[in-house]
Amino acid sequence: MSFRTCQQYKVSPEVRRLVWDSLGEGEVFVTREGGASFTFATGQQATLKADAERLFKKPGIKDRLLGVYAVHPCVVEADALSFAPNGTAVFTEDFTPDVGKTRREACSPGGGSSYRY
């Protein structure tokens with residue numbers, strides 16, 4: 001049996017459209033005034049980002065997207081949900097009971113980037 005990376009799995013155009021349309025319908029996209037970029041912990045920049053807390057406020061859309069991701073072959077069920085302070089803390093606090101998982105705070109020794117846990 002050969003090993004495949006997640007990038008090697010193909011997602012149908014219909015599923016891509018469903019995800020994109022659902023994120024738009026859920027009003028989860030955030031931009032900055034004047035088109036300024038967001039800089040993520042990885043150093044990557046973007047002018048558009050998806051806000052998890054906004055998605056959580058739309059339970060039907062959240063459930064639709066979770067259903068799509070649940071059938072993807074690269075999704076592995078988690079033992080716990082982790083969050084970085086000032087990152088996804090509120091989202092995981094609200095979301096953890098929905099999925100019946102433990103919630104754990106992640107921290108980086110010395111206060112470095114949360115990307116390097």
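Do you know which of the residues in the range 59-71 that are without any contact (Cβ under 8 Å) to a residue 40 or more places away in the chain and buried (at least 17 other Cβ atoms within 10 Å of the Cβ) is farthest from Phe95 (Cα to Cα)? It would help to see each step written out before you state the result.
Of the residues in the range 59-71, the ones without any contact (Cβ under 8 Å) to a residue 40 or more places away in the chain are 59-63, 66-67, 69-71.
Next cut, buried (at least 17 other Cβ atoms within 10 Å of the Cβ) only: 61-62.
Numbers: Ile61: 14, Lys62: 10 Å.
Checking each candidate, the answer is Ile61.
A single member of Phe29, Phe95, Phe83, Phe91 is surrounded by 10 or more Cβ atoms within 10 Å (Cβ to Cβ), among the aromatic types (Phe, Trp, Tyr), more than 23 Å from Thr5 (Cα to Cα) and modelled with pLDDT of 80 or more, and it is Phe29.
Exactly one of (1) at pLDDT below 75; (2) under 25 Å from Cys6 (Cα atoms); (3) out of contact with any Ser or Thr (no Cβ under 9 Å at 6 or more places or on another chain) is unmet by Pro109. Its number? Every condition holds for Pro109 apart from (2). If you go through the range 1-47, how many residues are of a type in the set (Val, Ile, Thr) and assigned to a loop (DSSP other than H, G, I, E, B)? Going through the range 1-47 one residue at a time, the tally reaches 6.
The values are calculated or read from the model by the stated rules, or taken from the named source; none is laboratory data. Remember, it's a predicted structure, so these values are computed and weren't measured experimentally. All Cβ positions, glycine included, derive from the backbone under ideal geometry; neighbour counts span all protein chains shown.
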